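Here's the structure, in structure tokens; my notes come after.
Taken together, the values in this text are just the output of simple stated rules run on the coordinates, not laboratory data. Just so we're clear, the structure is a prediction, and the values are computed from it rather than from any experiment. Glycine also receives a Cβ, built like all others from the backbone with ideal geometry; neighbour counts cover every protein chain displayed.
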Amino acid sequence: MPGVLDGIRVLDFGRYIAGPYVGALLADFGADVIRVEKRGGSEDRFVLPVTTRADGRPGEGALFLQMNRNKRSVTLDPMKPAGRAVLERLVGAADVVIANLPPQTMARMGLDYDSLRAVRDDIILANLSSYGKDGPWATRPGFDSVGQAMCGSIYLTGEPGRPWRAPIAFIDFGTALHAAFGVAMALIERQRSGRGQEVVGALLATAAAFNGYMLTEQSARAPDRGPIGNRAFNSGPTDLFETKDGFIVVHTVGNPLFKRWAGLMGEPEWLEDPRFATDDARGDNGAVLSERMAAWCAERTRDEALDALAAAHIPAGPVLKPQEALDHPQVRALGLLHPVPLPGGAIPETGGMAMVAQAPVWLSETPALPPTGQAETGQHTGEVLGALGYGADDLAALREAGAI
């Protein structure tokens, strides 16, 4: 069955996460996404390598496999005159261009919006950067961790005096999600008006949006909150707790949940205690609640604690290692990860397969397409350019010139 974006062609000049994940999401729903990268492969192709090349060098990495599923691969150097001509022909046949490159680099490559619009006036550009298009930091580089740092997230994470960065690049992924949403909106608008547009995303903007409620509180009340470990500012008990055989997370918010928790703990008198009368009060006195919960968990195995909490309808879950996450029955039941063949090599113990996630949303009539294997570097260059009118001699000349 064709995807809902069948017939939409996307040129993906993205690198690492934010840009490529936009393309991956669009490809999941049927868009023809063409990843355009350097000859020999771009640097993000080899992060966390999970394959080995024939000559023994590290091959494709886990990051690349996840971010570039369901895409075709073309190599191109648009800085070469012959490469710029190829770029213009590619843009002329495309609907969307994705780039998360510095603005000066985009301009030199001919990927800025004005250059693209000169080739195709209804083109849609997804332009992702660290700090957006305006302001004194607009041209500075940055990664996910910078967004985490500048929105207050890192400061509020960890223990007092020891901030911690989240290892999951949620700012990158969030920026990509917003950009993919923006591209979908731009495609709808183009159907109505025939106009293309530039969709701008920024890591700092995503970070501020994700931490917006904390920034709103600070602007209104100036509480100057600081880190409190794994507890929560406005609920309790909310924390990580150690059982006999592992850790669990418990999140108790709202009076009905707290009432059930107090009953489970055998502490009905705490329902009348002013220290625990509201979520804010329970957050302020979270250390007391965590101490009680920790003692209860220490007497039980992880499964015993989780089953008792589930029976009381209190949100809780196990702290899983990555392998445990892969093996968890709920992850398997939902089909969250799919096996795909590894390109250019194999890991013997996995039989040449790796598990890859797809867009984590289910559409009843137009579901995401199952992930396919990832393309070798430049695997589809001849196929894509041939469809644009380049013959065998043309392709040979482009290779000789270093353009592809």
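Summary table below
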| read-out | value |
| --- | --- |
| For Phe247, residues with placed amide H under 5 Å, excluding near neighbours | Val319 |
| Dipole magnitude of the chain, debye to nearest 20 (Cβ charges: Lys/Arg +1, Asp/Glu -1, about Cα centre) | 820 |
| Taking Phe181, Phe276 and counting other C-beta atoms within 10 Å, the order from fewest to most | Phe181, Phe276 |
| DSSP-defined antiparallel bridges as percent of all bridges, the chain, nearest 5 | 45 |
| If the convex hull is drawn through the Cα atoms of the chain, its volume per residue in Å³ | 186 |
| Nearest-ten-degree value, helix 18-28 long axis tilted from longest Cα axis of the chain | 80 |
| Lysines whose Cα lies under 20 Å from that of Lys38, excluding same-chain neighbours fewer than 8 positions away | Lys71, Lys80 |
| Cα lying deepest toward the dipole's positive end in the chain, options Gln218, Asn127, Leu25, charges on Cβ | Asn127 |
| Shape of segment 49-182, Cα gyration tensor, a/c cut at 1.5 | oblate |
| Neighbour-count ranking [beta-carbon atoms within 10 angstrom, fewest first] of Thr372, Thr238 | Thr372, Thr238 |
| Ranked packing of 220-232, 163-175, most packed first, by mean Cβ within 10 Å | 163-175, 220-232 |
| Helix-only [θ]222 nm of the chain, DSSP H runs n ≥ 4, -39500 (n - 2.57) each, per residue, nearest 500 | -11500 deg cm²/dmol |
| Global size of segment 177-321 as Cα Rg and Dmax, reported in angstrom | 21.0, 66 |
| The chain - percent relative contact order, Cα under 8 Å, separation 6 or more | 19 |
| Of the chymotrypsin sites (Phe, Trp or Tyr not before Pro) in segment 1-93, those whose Cβ has at most 16 other Cβ within 10 Å and which sit in DSSP loop | none |
| Segment 238-321 - Kirkwood radius from inverse mean 1/r over Cα pairs (Å) | 12.8 |
